[in-house]
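Have a look at the structure below before the remarks.
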Amino acid sequence: MAEAENDVPNEDVLEETSTVAASEDASTEAAANKSEQSLSFKEFLEGTHPSVFKPVHDLWEKKVRVHTEDERELTFSDIRLHCRICEGERTFRATRGSDEYRWSTRKVNLHPIYLCGDCQNETKYYALQVAFGDDGGSQVYKFGEIPAFGIPVSNRLLRLFGNEDASLFLKGRQCENLGYGVAAFAYYRRVVENHKNDLFNEIIKVCRTVGASAELINELEAAKREISFSKSIEKIKAGLPEGLLIDGHNPLNALHNALSVGLHNEADEDCLSDAQAVRLVLGELVDRIALLKQENRELTNAVQRLLAKKK
Ligand SMILES: [Zn+2]
């Protein structure tokens, strides 16, 4: 599809023809990153968060021209991204397969657009700067991307937090994407503390529907009265219904362990790992609550259908 358009000038590309001076910032970074292991362009688009230069080794090939200046041909290979419409990882294809630049062009701004191969509806926009090296490599900088980098937070989780705190939680997600561990952790902890009771209410509701023990429900009610999330988890001694366990473990204990660490002493990388764990466990817990409710509703309907038939 995109290959057929090879010779059409790309409206999405802002080509800068000025040479050495213009590429100063990019080449300084290039020198600094020389020892860094280079990525494929696919890896760069899929896995590199905005605001860093990365060496990329397979973005272009030299095309020798007889009557004009040689050129670099850029190839935009397929990538794998999360599609919000298909709700999973899908293959995305560039709306243009390739671009060509004169050899003397040292730096270009690129705006490749990718489309989900399945639904043909979800679109990913990138804003990049490329500083070409002479040896087949380049330094690539990601100004940004829409939708934002990283697998998005599930809507189910965001709904639990309401508008204001959902946007705080998303800021935490952005920090996590940028590798800002302390910041991501602080955002997540604040939102979880604010919505401790909403989370407990959801768990209590599901415990009632699946017929959990009165002991557990009482403990969950008592946990709601505690001020901090960590303290409240300590109130719960009875086991959660099996359907809420993650790999056989109580997700509330996992959240407790992650959230009770102090931000003051932890290394940034540890905060980042804790923040990621909190987000993943929360997401999984909320999904399991919804699944249990759904299964229970289907079961109730099935029983009623059978009972009606008997009459
Ligand atoms: Zn899709």
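Between a first residue in the stretch 283-311 that is modelled with pLDDT of 85 or more and a second residue that is basic (Lys, Arg), which pairs have beta carbons less than 7 Å apart while being 6 or more apart in sequence or on different chains?
Cβ pairs passing all conditions: Val286/Arg156; Asp287/Arg156; Ala290/Arg156.
Is one or more of the residues making up the stretch 166-183 closer than 26 Å to Leu272 by Cα, among the acidic types (Asp, Glu) and crowded, with 21+ Cβ neighbours inside 10 Å?
yes
Given the criterion buried (at least 17 other Cβ atoms within 10 Å of the Cβ) and under 19 Å from Leu199 (Cα atoms), identify the matching residue among Leu245, Leu291, Leu240.
Within the list Leu245, Leu291, Leu240, the selection yields Leu240.
Between Arg72, Arg65, which is buried (at least 19 other Cβ atoms within 10 Å of the Cβ) and more than 24 Å from the chain's Cα centre (by Cα)?
Just one listed residue meets the conditions, Arg72.
Considering only residues that are part of a helix (DSSP H, G or I) and surrounded by 18 or more Cβ atoms within 10 Å (Cβ to Cβ), which ones fall in the stretch 205-218?
Residues satisfying the conditions are Val206, Cys207, Leu216.
With the requirement that a residue be surrounded by 14 or more Cβ atoms within 10 Å (Cβ to Cβ), touching a helix residue (DSSP H, G or I) at 6+ places or on another chain (Cβ under 7 Å) and touching a residue at least 24 places away in the same chain (Cβ under 8 Å), what does the stretch 142-165 give you?
Phe149, Gly150, Val153, Ser154, Leu157, Leu160, Phe161, Asp165
Please list, ordered by residue number, the strands (runs of 3 or more DSSP E) wholly in the stretch 69-176 having 1 or more residues that are away from the ligand (no atom under 16 Å from the Cβ).
71-75, 98-102, 107-110, 123-132, 138-146
Working carefully through the options Glu298, Glu266, find the one that is of a type outside the set (Gly, Ala, Ser) and either not in a loop (DSSP other than H, G, I, E, B) or not assigned by TED's automatic domain parsing to the domain that holds Tyr180 (or both).
From the options Glu298, Glu266, the qualifying one is Glu298.
The values are calculated or read from the model by the stated rules, or taken from the named source; none is laboratory data. Computed from a predicted model, the values in this text were never measured in an experiment. For neighbour counting, all protein chains shown are included, and Cβ atoms are generated from backbone atoms with ideal geometry for every residue, glycine included.
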